[in-house]
Amino acid sequence: MNRKERYREALDWIHSLSRFGIKPGLERMEAMLAMLGNPHRKVGYVHIGGTNGKGSTAAVLASMLAAAGYRIGLYTSPYLLSFTNRMAINGRDIESEELADLVDLIRPIVDQVTADERYGQPTEFEVVTVLALVYFARQKVDLVALEVGLGGRLDATNVVSPLLSIITNVDLEHTEVLGDTVEAVAREKAGIIKRGVPVLTASEDKRVVTVIREKAAELNAPLYCLFSSCADEALNISMPVFNTRTITDRGQFFDYKGFAGSYKDLFIPLRGRYQVCNAATALAALELLEEKGFAVDEKALRQGLAETSWPGRLELLKESPKLVMDGAHNPAAIRQMAQAIPDYFNFRRLILVFGIMADKDAPAMMSAILPLADQVIFTRASIPRAADPSALFRIALDRLNFDQKKGEVIEDVGSALERALSEAGPDDMVLVTGSFYTVSDARAYWVQPVG
């Protein structure tokens, strides 16, 4: 079997596990890792949870540390072009052959855990997380920026003992698993806080901050905050201050005054004012990591920010007509994206290619973005969890007073994108959004996949 066939077989096996769905709990993870010699205990981590911005924060932090000469792992989900995007070291994805080798290693372990009635079948995300933890340990990285999958307390990534925990923000999401109030979701997110380990949050919601503060106090974990809503006189800590200075077509310049350092005219090649918040979170994390031995000078800091690559986030792929893709996948993210669009793009008409997952709050997401669109093509990503586009169209008509003449349904994302581009004039903009899976399919159509 050649390399490509081995990689394809490995991916087929990984994806076959998706049928087992989501099964919160850490017992299967702990059993698999124990059989593998507990590789997750051989590496340092920054554990990053939150509703939105956790992937961007992880990418910015990893880029700055890599620019300083450290060997930095990055674990995120989902992927955009190739499955190998899920785990990278210093910006370079895992090699397909290495992934196939790791699958050969852990597949017997998965079978052994499955056969044990105490544990049962591991899920796809659990297996992928084990693959990543083994990979980073084998590669002897200095640190891993580890993104939480879902929630926090019972997420597969929560087996690690990090140097720093980050909770970017909290909003309602996955309510069937995490709870139907912001406080309940916050309690699940706060589950990544570890005894004595510093925790940093960028939440501005006082309900969320209260939950995080209580959990941090319970575990004697020092709490650091990006916003004054989290301020506590007992902390005796100055809050970071940051602001956007200039918006350009390539990204934005901003200033940052942190717990100790102060920098002007930092550049990040990401669009959206919320990305400055994510970058400031990463900068604050960098300051806290310096106490753990990870020093980064100003030159590396600026270089890492400027070289951050994080596709699928208000990403401009074509100029005329404009083609923009953004993986906003919940109401809060859609609202942020919708507010950012006029700041960064000029266009005559907006043609929207829209597809979400079936477990999302469709009315809330559509009410935030549909009013901006002159034409909407409802579509479906090529995974079982994708929402029926005809059902989305009906919701828009029945509940959002959407004009039927402005909408149509095209099941395949690639065909939907082709249709949108054919309808767009040179001064128009095509926006693909609603899910990273939708964006992934669109980018696969637009950009030749790798691996």
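Please treat every number below as a calculation from the coordinates, not as lab data. Computed from a predicted model, the values in this text were never measured in an experiment. Please note: Cβ atoms are built from the backbone with ideal geometry, for glycine as well, and neighbour counts cover all protein chains shown.
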- HN-Hα couplings for segment 416-424 via Karplus (6.51, -1.76, 1.60; θ = phi - 60°), in whole Hz with x for Gly/Pro, come out as 5, 5, 4, 5, 4, 5, 5, 7, 7
- Put in order of increasing Cβ neighbours within 10 Å, starting from the fewest, Phe267, Phe136, Phe436 give Phe267, Phe436, Phe136
- What order do you get for Asp265, Asp205, Asp101 when you list them from fewest to most C-beta neighbours inside 10 Å? Asp265, Asp101, Asp205
- Message: Using amide H atoms built in the peptide plane, which far-off residues or other-chain residues are under 5 Å from Gln252 H to H?
- Response: Ile268, Leu270
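Counting helices only, and only those DSSP H runs with n ≥ 4, report the 222 nm mean residue ellipticity of the chain as the sum of -39,500 (n - 2.57) divided by its residues, in deg cm²/dmol to the nearest 500. Walk me through the intermediate numbers first.
Numbers: 15 runs with 179 residues, N = 451.
My calculation for the chain gives -12500 deg cm²/dmol from helical runs alone.
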- Message: A 18 angstrom limit on the alpha carbon distance is what I want to check against. Which of Lys194/Lys257; Lys189/Lys257; Lys194/Lys360; Lys189/Lys215; Lys42/Lys140 exceed it?
- Response: Lys194/Lys257; Lys189/Lys257; Lys194/Lys360
- Centroid-to-centroid separation of segment 319-359 and segment 253-300 [C-alpha atoms, Å]: 26 Å
- When the dipole is taken about the Cα centre of the chain, and only Lys, Arg (+1) and Asp, Glu (-1) are charged at their Cβ, what size is it in debye, to the nearest 20? 480 debye
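Determine the shape class of segment 315-446: with a ≥ b ≥ c the square roots of the Cα gyration tensor eigenvalues, call it rounded for a/c under 1.5, and otherwise prolate if a/b is greater than b/c, oblate otherwise.
Numbers: a/c = 1.34, a/b = 1.22, b/c = 1.10.
Cα axes put segment 315-446 in the rounded bin.
What order do you get for Val241, Val128 when you list them from fewest to most C-beta neighbours inside 10 Å?
Lowest to highest Cβ neighbour count: Val241, Val128.
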